[in-house]
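Reading through the structure tokens given below for one structure.
The values are calculated or read from the model by the stated rules, or taken from the named source; none is laboratory data. This one's a predicted model, so the numbers in the text were calculated from it and none came from an experiment. Every residue, glycine as well, gets a Cβ built from its backbone with ideal geometry; the counts of neighbours run over all protein chains shown.
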Amino acid sequence: MVFSSAVFVFVFFPISLILYYICSSIGIKVQNALLLVLSFIFYSWGEPKNVLWLLLAILISYSYGILFKRTDKKRLLLILFTVLELLILFYFKYVDFIIRNINALTGADLPLWGIVPAAGVSFFIFKCISYMADVYKGRTEPERNMFYYSLYVSFFPQIMAGPITRFKGFGPQLRNRACSTDRIFSGAVRFMTGFGKKVLLSDTLSAYVTNAFQHEGYSALAAWISIAGYLVMLYFDFSGYSDMAIGIGEMMGFDTPENFNYPFTADSVRDFWRRWHMSLSGWFRDYVYIPLGGSKKGLLRTVINTFIVFILTGLWHGSSWNFVIWGLLQAAAISFERILEKRGVKIPEFLRHLYFLLILAAGFIFFASPGARAGLSYLGNLFDFKGNLMGDLYKVSSPQYMIVLAIGILCASGALKKPVDHIKKRPLAAGICAILIFILASVYMWGSGYVPFIYYKF
């Protein structure tokens with residue numbers, strides 16, 4: 001089920017919310033039971049068989065917590081159960097990738113398995129692994145109530161595309177949370193605003209941007225306009241989803257960590273990853289980068305650790321070499337920034353920001369392209385000033401596209417942050433604005449249909 005679909009927005013979610021509030025008079029245990037049922041209905045919508053994989057992931061990590069205090073071989077147990085979780089991820093995302101590469105290298109003709117990834121598998125597997133690692137490190141106690149643990153993993157606002165919550169933050173809320181009128185209002189405003197981001201901004205840009213990356217040979221102006229549109233589209237697609245997830249949780253009394261903090265205002269790639277998809281970057285920092293030694297074992301080891309993290313980050317996003325190239329570019333840029341910082345080199349703020357935007361655009365070309373070769377070809381288009389500049393621009397844009405892109409850039413750049421914050425401090429104004437955005441987005445969605453969230457495929 002998709003957050004931005006009519007079925008979810010006008011049927012599933014309102015009914016879920018009404019039932020949840022009715023159950024509040026009975027008790028939190030009943031509310032949790034209801035949420036667990038709703039989460040499995042939500043996840044199984046359209047692909048019921050995927051529930052079996054979700055249940056397997058839950059059973060593996062839950063069993064780890066139960067066995068943890070019964071064995072002295074705690075490290076071996078963690079490695080074994082982490083491998084079991086990763087095997088699920090490997091099966092869905094990397095079997096065909098490996099077969100394709102074996103065929104390409106050896107000339108063999110091994111048949112592809114044609115595996116369609118289970119929705120949200122990258123997200124719920126990472127939640128399970130973080131739980132096991134935190135139990136091992138003593139950051140959280142093992143959860144003995146399997147129904148509560150199952151709700152943590154399957155909680156429907158987060159299961160498809162995060163934010164990737166940690167059990168140490170989510171677990172205590174299963175037994176004690178507050179759902180006040182103020183929180184319901186704040187969550188509703190957040191939900192409606194996120195819905196508007198997705199439908200009015202991201203979906204409007206989607207048709208033009210997708211078309212641009214499916215064709216080669218566009219000249220520089222069209223190429224730059226298209227990659228700008230892709231970055232804005234991706235940001236509002238994913239931050240819109242995150243806002244809706246956070247808003248749903250808040251309406252139900254849950255605190256959910258933020259996932260974005262004006263990432264395009266960063267002045268370095270390193271700073272960007274402190275602001276973009278923060279729950280994922282935090283996951284890789286805590287469960288990969290720091291265990292590898294982080295930045296405490298010298299510059300060379302820091303650079304190696306950075307490359308390992310971003311190669312894995314690229315592969316997490318997709319089983320294709322273009323995602324590996326994207327990860328390598330991120331790692332190279334961050335390592336370059338560390339070396340400059342180590343040598344005390346100071347770069348003017350304007351140049352830092354310009355450099356960051358250029359690196360960001362180059363990297364996300366590979367993120368957006370259907371393959372590595374297409375990404376390299378598109379990268380060359382950025383510097384093709386001899387083609388039909390205006391003619392190509394008309395092919396990938398329209399007045400509507402340019403207006404929405406301009407609005408998106410203003411919002412993403414933080415230029416409208418002060419007036420937005422001013423409105424947020426006034427509940428009546430915030431509510432009216434959110435309702436108007438929601439109505440406009442609903443009308444737009446009914447007229448054009450819905451576009452799945454980009455991060456659902458990861």
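If Ile125 meets every condition in (1) more than 18 Å from Trp53 (Cα to Cα); (2) buried (at least 19 other Cβ atoms within 10 Å of the Cβ); (3) not assigned by TED's automatic domain parsing to the domain that holds Phe236 apart from one, which number is that one?
(1)
Among the listed residues Ala207, Ala212, which satisfies the condition of being assigned to a helix (DSSP H, G or I) and crowded, with 20+ Cβ neighbours inside 10 Å? Lay out the reasoning, then the answer.
Numbers: Ala207 fails: crowded, with 20+ Cβ neighbours inside 10 Å.
Being assigned to a helix (DSSP H, G or I) and crowded, with 20+ Cβ neighbours inside 10 Å holds for just one of Ala207, Ala212, which is Ala212.
Test each condition in (1) buried (at least 19 other Cβ atoms within 10 Å of the Cβ); (2) touching a residue at least 60 places away in the same chain (Cβ under 8 Å) for Ala331 and report the one that comes out false.
Exception for Ala331: condition (2).
Go over the candidates Phe307, Phe260 one by one and state the one that is closer than 27 Å to Lys198 by Cβ and touching a helix residue (DSSP H, G or I) at 6+ places or on another chain (Cβ under 8 Å).
Numbers: Phe307 fails: closer than 27 Å to Lys198 by Cβ.
After ruling out the rest, the residue left standing is Phe260.
I'm told Ile409 meets every condition in (1) outside any helix (DSSP H, G or I); (2) touching a residue at least 40 places away in the same chain (Cβ under 8 Å) except one. Can you identify the failing condition by its number?
Unmet for Ile409, out of (1) outside any helix (DSSP H, G or I); (2) touching a residue at least 40 places away in the same chain (Cβ under 8 Å): (1).
Name the helices (runs of 4 or more DSSP H) wholly inside segment 295-394 in which the number of residues that are modelled with pLDDT under 90 is 3 or more.
Details: elements: 299-317, 321-342, 349-368, 372-381.
Output list reads 349-368, 372-381.
Just checking, which of Ser25, Ser63 is surrounded by fewer than 17 Cβ atoms within 10 Å (Cβ to Cβ), more than 26 Å from Tyr456 (Cβ to Cβ) and not assigned by TED's automatic domain parsing to the domain that holds Val135? Before the answer, list the steps.
Working: Ser63 fails: not assigned by TED's automatic domain parsing to the domain that holds Val135.
Result: Ser25 is the single residue among Ser25, Ser63 that is surrounded by fewer than 17 Cβ atoms within 10 Å (Cβ to Cβ), more than 26 Å from Tyr456 (Cβ to Cβ) and not assigned by TED's automatic domain parsing to the domain that holds Val135.
Given the options Ile125, Ile98, Ile102, name the one that is in a helix (DSSP H, G or I) and touching a residue at least 24 places away in the same chain (Cβ under 8 Å). Don't jump to the end; show me each part of the working.
Numbers: Ile98 fails: touching a residue at least 24 places away in the same chain (Cβ under 8 Å); Ile102 fails: touching a residue at least 24 places away in the same chain (Cβ under 8 Å).
Result: Ile125 is the single residue among Ile125, Ile98, Ile102 that is in a helix (DSSP H, G or I) and touching a residue at least 24 places away in the same chain (Cβ under 8 Å).
Among Arg183, Arg177, which is the only one that is at pLDDT below 95 and either surrounded by fewer than 14 Cβ atoms within 10 Å (Cβ to Cβ) or not in a loop (DSSP other than H, G, I, E, B) (or both)?
Numbers: Arg177 fails: either surrounded by fewer than 14 Cβ atoms within 10 Å (Cβ to Cβ) or not in a loop (DSSP other than H, G, I, E, B) (or both).
Criteria check complete, one pass: Arg183.
When only residues in segment 298-318 that are surrounded by fewer than 20 Cβ atoms within 10 Å (Cβ to Cβ) and small (Gly, Ala, Ser) count, which is farthest from Ser268 (Cα to Cα)?
Checked segment 298-318; the qualifying residue farthest from Ser268 (Cα to Cα) is Gly318.
Can you tell me which of Ser61, Ser130, Ser39 is in contact with a Lys or Arg (Cβ under 7 Å, 6 or more places away or on another chain), part of a helix (DSSP H, G or I) and closer than 19 Å to Ile164 by Cβ?
On the way: Ser61 fails: in contact with a Lys or Arg (Cβ under 7 Å, 6 or more places away or on another chain); Ser39 fails: in contact with a Lys or Arg (Cβ under 7 Å, 6 or more places away or on another chain).
Being in contact with a Lys or Arg (Cβ under 7 Å, 6 or more places away or on another chain), part of a helix (DSSP H, G or I) and closer than 19 Å to Ile164 by Cβ holds for just one of Ser61, Ser130, Ser39, which is Ser130.
Regarding segment 156-171, can at least one residue be identified that is surrounded by 24 or more Cβ atoms within 10 Å (Cβ to Cβ), β-branched (Val, Ile, Thr) and not in a loop (DSSP other than H, G, I, E, B)?
No, segment 156-171 contains no residue that is surrounded by 24 or more Cβ atoms within 10 Å (Cβ to Cβ), β-branched (Val, Ile, Thr) and not in a loop (DSSP other than H, G, I, E, B).
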